[in-house]
Structure formats: C-alpha cells, structure tokens
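Quick note: the coordinates plus some simple rules give every number you see, no bench work behind them. Everything numeric here is computed off the predicted structure, so don't read it as measured data. In this analysis, Cβ positions are derived from the backbone assuming ideal geometry, glycine residues included, and neighbour counts consider all displayed protein chains.
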Amino acid sequence: MSGAELTGILYVTGLTLIFIGMILLFLSVLRQRRKIGGEVGGVILIGPIPIIFGTNNRILKVMLILTLILVSLSILTMVLPYL
C-alpha cells in the first residue's frame, strides 16, 4: 500500500468518524427532554500562556490539571526526537 492510498483511507475514515459523531450528538440532543445542569470549562492556549475558564472551582482545577498534562506531553513530543 502506497503512502497516497493510506492518506486517502485515513482522510475518508476521519471524515466518516466526524460525521458519525455529529449525528450521535444531534440524536442525543433530540432524546433529551429535561434540562440537566452541568459544569463547563475550557482552555485556550495562546503560545505558552494558558487561559483557563470554567463555571466553578472544581472544573477550573480539572482544566488546570489537563492543561499541565497536555503541555507536558507536547513538550515531550518536541524534545523526544533529540534525545
């Protein structure tokens, strides 16, 4: 199998998974009849500076831990080839 064939297969597989995920999200919203409260949080990385936001302190701590893990993994993947 050549690189071009593999690239095409991965491209189609990725688009198919995204499409299936969107359908599942749409169906779950349609099935949900009652309003459920939840926690919302997120992280925006602008260069090395993280902007962390959330609805309460617990989710802020979770986002901070996830940010530290993801930044550590990204630094590790950048440095690992040079070791």
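Within the stretch 56-83, residues that are closer than 19 Å to Gly37 by Cα reach partners that are of a type in the set (A, V, I, L, M, F, W, C) with beta carbons closer than 8 Å, at six or more positions or on different chains, in the pairs Ile59/Val40; Leu60/Ile52; Leu60/Phe53; Met63/Val43; Met63/Ile52; Met63/Phe53.
A single entry from Leu30, Leu17, Leu45, Leu25 fulfils the requirement of being of a type outside the set (S, T, N, Q), over 17 Å from the mean Cα position of the chain (by Cα) and not in a loop (DSSP other than H, G, I, E, B): Leu30. Considering the conditions (1) out of contact with any strand residue (DSSP E or B) (no Cβ under 7 Å at 6 or more places or on another chain); (2) assigned to a helix (DSSP H, G or I), Gly38 is excluded by exactly one of them, (2). Per the conditions (1) over 19 Å from the mean Cα position of the chain (by Cα); (2) closer than 24 Å to Gly54 by Cα, the sole criterion not satisfied by Met1 is (2). Among the residues making up the stretch 48-79, those that are surrounded by fewer than 11 Cβ atoms within 10 Å (Cβ to Cβ) and either within 17 Å of the chain's Cα centre (by Cα) or aromatic (Phe, Trp, Tyr) (or both) are Ile51, Ile65, Ile69, Ser72, Leu73.
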